[in-house]
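Values in this text are rule-based calculations from the coordinates and carry no lab data. Computed from a predicted model, the values in this text were never measured in an experiment. FYI the Cβ positions are ideal-geometry reconstructions off the backbone, even for glycines, and counts take in every protein chain you see.
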Amino acid sequence: MEWLNYHHLFYFWTVAKEGTVTAAAKELHLARTTITAQIRDLEKSAGAKLFRKSGRYLELTEFGQHVFRYAEEIFSIGRELSDFMRTGQPGMNKKFVVGMPDVVPKLVAFELLKPAIHHPEGFQIVCHEGKLPDLMADLALHRLDLIIADSVAPPTVDVKAYNHRLGECGLSFLAVPELARKYRRNFPWSLNSAPVCLPTDHTAVRRSLNHWMDDNDIHPKIVAEFEDSALLKVFGQSGLGIVPIPTAIEKEVKSQYSMQLVGRLDEIVDRFFAISVEKRVHHPAVLAIVKQARSKIFDQSAD
C-alpha cells in the first residue's frame with residue numbers, strides 16, 4: 001500500500017484556506033520555500049496540478065477542489081478525534097458552512113437550510129452573514145461550502161463560481177391589521193402615498209420594485225429602508241409601514257409578526273440562488289437544499 005503523506009496534505013489544505021503560500025507560511029511558521037516544495041511533492045505524487053494562479057491568489061484546479069474536500073474531512077475528523085481524546089465525548093458531525101447576505105429573509109434561509117439540518121449525515125450548520133462580494137472571497141478560499149443569495153454571483157468579483165437556481169416567487173405586501181384594512185382596497189394603486197418600509201437599493205428585489213413603481217406611476221411614502229430583512233419585518237410589525245416579503249413565506253410571516261395581507265404582486269419576482277465553486281453539485285447537503293427548494297418551497301402558493 002502506498003501511504004499518503006499527511007504533512008504534504010496539511011500544507012496543501014492550509015494554502016487552499018489562506019489563499020497564498022505567504023499567508024500559509026505565516027500561519028504555519030514555516031518558510032515559503034518549504035511549503036512550495038511540499039506542495040510540488042504532493043502534485044508529483046498525485047500526477048496532477050492542485051493550484052493555478054489567479055491574480056495575487058492561488059486558485060484550486062478542479063482536481064484540487066476534490067482533494068481539498070477530502071482534506072477538509074480528514075482534518076475535521078482529526079480535530080474531532082483530538083477533542084474526543086481530550087474530553088471522552090464523541091462528536092462526528094461534519095460542518096456545513098453557509099454564507100448569506102443580510103438581505104436574504106431569515107425565514108427563507110431557514111426553510112432552505114432545513115434539509116441540511118435534518119440530513120441523515122448529521123451536518124453541523126455554520127452560518128455567516130455579510131456582503132456578497134466578501135462572501136464570494138470566502139467561497140473562493142473554501143471557507144464556505146455554499147452561498148445562498150437573492151442574486152447571481154456579481155460579474156465584478158473575480159471568483160470562478162456557479163449559480164444554481166433555487167426558485168422564485170412573487171411579493172406579498174403585509175401590514176398591521178389597521179394599515180392592511182386601510183390600503184387593501186384598490187391594491188396596488190392604494191400604495192400611492194401609503195407608508196412603506198422597503199429593502200435598500202442594494203437588493204435585487206428593491207431594484208425590481210423601483211422599476212415597477214416607475215412604470216406604473218406609483219409613489220408610496222418610503223418611511224424606512226433596511227438591509228437586514230429581519231429588521232424590516234420588525235418595523236413592519238410596529239405599524240411603521242407596509243412591508244414587501246417573498247410570497248413563499250407569507251403564511252409564516254403573518255403568523256410570527258401578527259401582520260395581514262394588503263395584496264400580492266406577481267409581476268415582481270424575488271429569486272434565490274445557491275452559489276458554489278461546483279459546476280455540478282456533489283455535496284450531499286447542497287443537493288438536498290436544491291431538491292427541496294425546487295420541489296416544495298417555491299412551488300407552493302400562499303394561503
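Summary table
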item: Residues Val223, Val243 arranged by fewest to most Cβ contacts within 10 Å; result: Val223, Val243
item: Cα Rg over Rh - the range 168-269, Kirkwood; result: 0.91
item: Modelled FRET efficiency - R0 25 Å, Ser193 with Phe235, Cβ distances, 0.05 increments; result: 0.85
item: Hydrodynamic radius (Kirkwood) for the chain, which is based on Cα pairs only, to one decimal in Å; result: 21.6
item: Segment Cys127-Arg280, length gained on full extension (0.36 nm per residue, minus Cα span); result: 52.8 nm
item: Normalised contact order of the range 6-87, rounded percent, pairs of Cα under 8 Å and 6 or more residues apart; result: 28
item: Share of pairwise Cα separations in the range 16-126, more than 23 Å, in percent; result: 49
item: Amide H contacts under 5 Å for Glu227, placed H, 5+ residues apart; result: Thr200
item: At R0 = 51 Å, FRET efficiency that the Cβ-Cβ distance of Arg56 and Lys291 yields, to 0.05; result: 0.85
item: Rounded Å value of the spacing that divides the Cα centres of the range 1-53 and the range 185-239; result: 51
item: For the chain, share of DSSP beta bridges that run antiparallel, in % to the nearest 5; result: 60
item: Extension gain from Val152 to Thr20, taking 0.36 nm per residue of separation minus the Cα-Cα distance; result: 44.9 nm
item: Those residues of the range 255-293 whose amide nitrogen sits under 14 Å from the label point placed on Arg184, 7 Å along Cα→Cβ; result: 259-264
item: Additional length obtainable on full extension of the chain from Asn163 to Met85, 0.36 nm per residue less Cα span; result: 24.0 nm
